């Protein structure tokens, strides 16, 4: 009766969000509490995501996995150059493109993922 009276419904989480442990909510609250005393300009976040999949760019072949790492501060006043991470040192599909002229950084790793060496190099630019 309470839920009906207040227009509340119970939703079951599916997919990725359904697999998040309930302890993650408390852990995230700790992060928020820890970050609260800092200015938004001093609070940074980096995240990475898959950029391309097979067949999107002609010529990538089996080296089609490209990851994109992006970082900005909470206020949005400072954005780092995007870092593209692929398997090859010079991607065939982008050989005519000067990546640095686009304001990006290209790095290669065996599995086209951010690894410790690349992340440490990224931190040095911080």
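Laboratory data are not the source of any read-out in this text; all were calculated from the coordinates shown. Remember, predicted model here, so these are calculated numbers, not experimental data. Using ideal geometry, Cβ is built from the backbone for each residue, glycine included, and neighbour counts are taken over all protein chains shown.
Need one word for the stretch 86-126: rounded, prolate or oblate. Basis is the Cα gyration tensor (sqrt eigenvalues a ≥ b ≥ c); a/c below 1.5 gives rounded, then a/b vs b/c decides.
Taking the square roots of the gyration eigenvalues as a ≥ b ≥ c, the stretch 86-126 is oblate.
Determine, from the Cβ-Cβ distance of residue 43 and residue 101 and an R0 of 30 Å, the FRET efficiency 1/(1 + (r/R0)^6), rounded to the nearest 0.05.
So the FRET efficiency works out to roughly 0.50.
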